[in-house]
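Input: a single structure, listed below in structure tokens.
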Amino acid sequence: MYKKAYGIIETLAPLHVGAAAGEESGNLNLIFRDQFTQTGIVPGSSIRGRFRADMRQHPVPKGEAEHFWLDETNYWFGQEASGGDTTEARVKFEYASLLWLPVFCPGQPIVWVTCPRLLKRYQRLVDDLKSEEVPEPCTGSTTLNALPINGKKKLFFNFGFLTIEKTTDLTDWFPGGEEFPAVVVADDEIGMIHDMALYRQTRTALAEGQKRVENFFGVEALPEGTILTFPIAIRPNKDKTWNPFNGSLQSETYLGGLESIGFGHCQISLKGDI
């Protein structure tokens, strides 16, 4: 029997989890995507690796051996595959999916966008979610400032107008309890909006010793202000308690790659039966 918990990731800088740097080949560094909605994800292995690394950096408690946190890391997250010996993790992480994606929208200037499929995954994680019905597509938040055109409220994205069929309080669907200007779109529309909203940067690899471009290559990332969520399963032990973030349930950390150029800064919050 496992205890049920979940994590919330809020990006404080663009987040790239996917292809490696690629300076040599001049490739496009794509992020990992969910196979159905084609929206960005963070694999469970990346999240577990971050938790492993952070736990090993905690100060050793007074009276404990120097390898205390290494033993704790192997106990909770499983022993690394060195020498053929592996152990099962007592804390299991699933992938983090999008919950809300900030998108530029003229006149707003930012609207947070999601779809029913992503909201349903979040609904399965949260036991005390007050809203029982998942909002339908074309539902806007009460804080959304949509333009009245021909008697209907509309949002203008780069690909055209989106009609807001109804407005409702979406506060319960935001983990922080603050309702942002937001809209729910259809499952088959989120992928197109997602690609429009991604942070993209074109970079160059210069020749050694001179300012001559050898390769152009691009990188894409989830934008700052993205909210993701991931399930956690914890196999309990009456004698030991999982102690993430050294006793705190919230921490700022880095996920993914390209940290040296300002990518990956995130805030992770843990909720549920920790």
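Report yes if ILE232 is surrounded by 17 or more Cβ atoms within 10 Å (Cβ to Cβ) and free of Cβ contacts under 8 Å to residues at least 60 places away in the same chain, otherwise no.
Answer is no for this residue.
Here is a check on your reading of the model: is GLU72 surrounded by fewer than 17 Cβ atoms within 10 Å (Cβ to Cβ) and out of contact with any His (no Cβ under 6 Å at 6 or more places or on another chain)?
The answer is no for GLU72.
Quick grid of which residues meet (1) crowded, with 17+ Cβ neighbours inside 10 Å; (2) touching a strand residue (DSSP E or B) at 6+ places or on another chain (Cβ under 6 Å); (3) closer than 19 Å to TYR254 by Cβ:
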{"position": "THR39", "(1), (2), (3)": "yes, yes, no"}
{"position": "ALA53", "(1), (2), (3)": "no, no, yes"}
{"position": "GLU64", "(1), (2), (3)": "no, no, no"}
{"position": "HIS67", "(1), (2), (3)": "no, no, no"}
{"position": "TRP76", "(1), (2), (3)": "yes, yes, no"}
{"position": "THR87", "(1), (2), (3)": "no, no, no"}
{"position": "ALA96", "(1), (2), (3)": "yes, yes, yes"}
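Residues being of a type outside the set (A, V, I, L, M, F, W, C) and open to solvent by less than 70 Å² (accessible area, probe 1.4 Å): count how many of those fall in segment 138-166.
7
For segment 190-205, which residues satisfy the criterion of being small (Gly, Ala, Ser) and at pLDDT below 90?
Within segment 190-205, ALA205 is the sole residue that qualifies.
Quick check on this structure: which one of PRO59, PRO102 is crowded, with 18+ Cβ neighbours inside 10 Å and either in contact with an Asp or Glu (Cβ under 9 Å, 6 or more places away or on another chain) or more than 29 Å from PHE174 (Cα to Cα) (or both)?
The conditions single out PRO102.
The values are calculated or read from the model by the stated rules, or taken from the named source; none is laboratory data. These figures come from a predicted structure and were not determined experimentally. Neighbour counts run over all protein chains shown; Cβ positions are idealised from the backbone, glycine included. What goes into the accessible areas is simple: the full protein's heavy atoms, side chains included, and nothing from ligands, DNA or RNA. Shrake-Rupley method; radii C 1.70, N 1.55, O 1.52, S 1.80 Å.
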